[in-house]
Amino acid sequence: MLPRLLTIAALVALSGFFSGTETAFTSLSAAQIHQIRDKWGKRGRMVAAASENPERLLTVVLIGNNVVNIAASVLAGEFTVRVFGSSALAVTTAILTLMVLVFGEVTPKQLAMSHNEAWSVHTVRLITFLDLILRPVVWAIASVVMLLTRLSGATPSSVVTREGLLSLVKHAEHVGVLENSKSRMVKNVFRFGDVTVESIMTHRTRVFSLEKTVSIEDALHEISRHGFSRVPVYDADPERIVGIAILRDLLQRREQGEGNAPISTVMVDPIFVPGHRSVEEMLTQFRAEGLNMAVVLDEYGGVSGVVTLEDAIEEILGEIYDEHESKHREPVTDMGDGSVRIMADAPVYVVNELLDLEIPDVRGGKTVGGYLMTRIGHIPVVGEEVNTDLGRFVVEAMTGRRIVAVRLRLTTASEDDDGDWGQ
Ligand SMILES: [Mg+2]
């Protein structure tokens, strides 16, 4: 009796080994694999090689896991029938299921997740060996699968849709594999194709720029006061940007004793991007041309703002406390009186997500300010109200012809729409 029970226990332990190994290998990050390769010599290289072929590794682990799980059930069943009679099978099923789940799946997976480096390094020899001897089996299984797929008329396809990936990310976040912040980053990356340059740029009225006649010395003084590393240069009219002055170049020229020369002698040509271009395309252009900053053009060819690499990165990582903005601006602030303040340059999708709203996003990447402008149909004044299905917007602040901030009182089922604003 005891040897039989011990065998079953050993099989469950093996199941844990396979399941843990699966998690250990699949949870290794690229950086970890790199580190393992450098640190662990031959075994490290084996881990790297195995990670390059995850399907093979997973097949081996899957076969191993299933063989031991099934073997454990068969042995336990046979043992139960022999000792207690077949009426006890239900009890055995319950106990074994619990044992396999706890000791064969969940616990080892959690252990492997937190010690994935050590686990993968110490199991890689065995897994590689199993891969070798199981190869005929894997080949047979693959052939049968292929035959069945063909017979069913489906074409084997590995196309993963964007929605599929996003739902995977959501799931990973839900089960705790991905932290909320990371999952947000992944989602943001996928939005890149939709978000336009216009929605992440700094509007021309807020751009800090210098006239091209300013001396290098004065420019350096101004730049260091604001803490920028590159600044647009204009010719007579701030809307005519003719170059970009780079701090490094200015410093170098001053070093050479040319501090009195105008900055037009050191500026580099600006690069222009159309505002309707996607951030993704913009990034490709930035990478190809080694850029950090570009001038954004509107549909008539006029300057509408300036966009930096950092603006794009912020789209993924979220707002960064940085050299350009001295103060962190939340796109949405709860005013505590049932209303919220929304910064008008916040993209519609961000606000929709934060407030769980459905502000219509006509063209991907529009801002809340843009939405309101379209709704109002003219340049509003401070205090102007817009009633929508979502609630009542009140323009709080304007800069020139541009809305800066609005207050939104949401329409709720319990609340009347004519509540006080409590300035
Ligand atoms: Mg298992």
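Laboratory data are not the source of any read-out in this text; all were calculated from the coordinates shown. Here the structure is a predicted model, which means the values were calculated and not measured. Neighbour counts are summed over all protein chains in view; Cβ atoms, including those assigned to glycine, are modelled from backbone coordinates with ideal geometry.
Extension gain, His174 to Val91: 0.36 nm times the residue separation minus the Cα-Cα distance gives 26.6 nm. Which FRET efficiency, nearest 0.05, do Val74 and Trp139 yield, Cβ-Cβ r, R0 22 Å? After rounding to 0.05, the efficiency reads 0.30. Electrostatic tally near Arg37: other residues with Cβ closer than 14 Å to its Cβ, Lys and Arg +1, Asp and Glu -1, net +1. Exposure here means at most 10 other Cβ atoms within 10 Å; with trypsin sites (Lys or Arg not before Pro) in a DSSP loop as sites, the longest stretch of the chain lacking them is 1-326. Helix 116-151 and the long axis of the chain differ in direction by around 80°, with both axes built from C-alpha atoms. Here the peptides 92-98, 67-73 are ranked by packing, the mean other Cβ count within 10 Å, and the order with the highest first is 67-73, 92-98.
Extension gain for the segment Ile316 to Val81, taken as residue separation times 0.36 nm less the Cα-Cα distance, is 78.7 nm to one decimal. Restricting the stretch 213-320 to GluC sites (Glu not before Pro) that sit in a DSSP loop and have at most 10 other Cβ atoms within 10 Å of their own Cβ leaves Glu299. Largest mean-square fluctuation among Asp194, Asp237, Asp269, in a Gaussian network model of the chain whose springs join Cα atoms under 10 Å apart, belongs to Asp237. Label-to-label distance for Leu309 and Phe272 is 2.4 nm, based on points extended 7 Å past Cα in the beta-carbon direction.
May I ask what percent, to the nearest 5, of DSSP beta bridges between residues of the chain are antiparallel? Once the DSSP bridges in the chain are tallied, antiparallel ones form about 90 percent. Glu299 to Leu247: FRET efficiency via 1/(1 + (r/R0)^6), r the Cβ-Cβ distance, R0 22 Å, to the nearest 0.05? The value I calculate is 0.10.
Mean separation of Cα pairs under 8 Å and 6 or more residues apart, divided by the residue count, gives the stretch 155-254 a relative contact order of 18 percent.
With a Förster radius of 35 Å applied to the beta-carbon distance between Asp218 and Thr333, the computed FRET efficiency rounds to 0.40. In terms of distances greater than 31 angstrom between alpha carbons, the cross-link table entries Lys42/Lys182; Lys39/Lys109; Lys187/Lys212 yield Lys42/Lys182; Lys187/Lys212.
At full extension, Leu151 and Asn260 could sit 31.2 nm farther apart than now, given 0.36 nm per residue minus the alpha carbon distance.
The long axis of helix 41-52 is offset from the longest Cα principal axis of the chain by roughly 80 degrees. Helix 279-289 and the longest principal axis of the Cα set of the chain meet at an angle near 80°.
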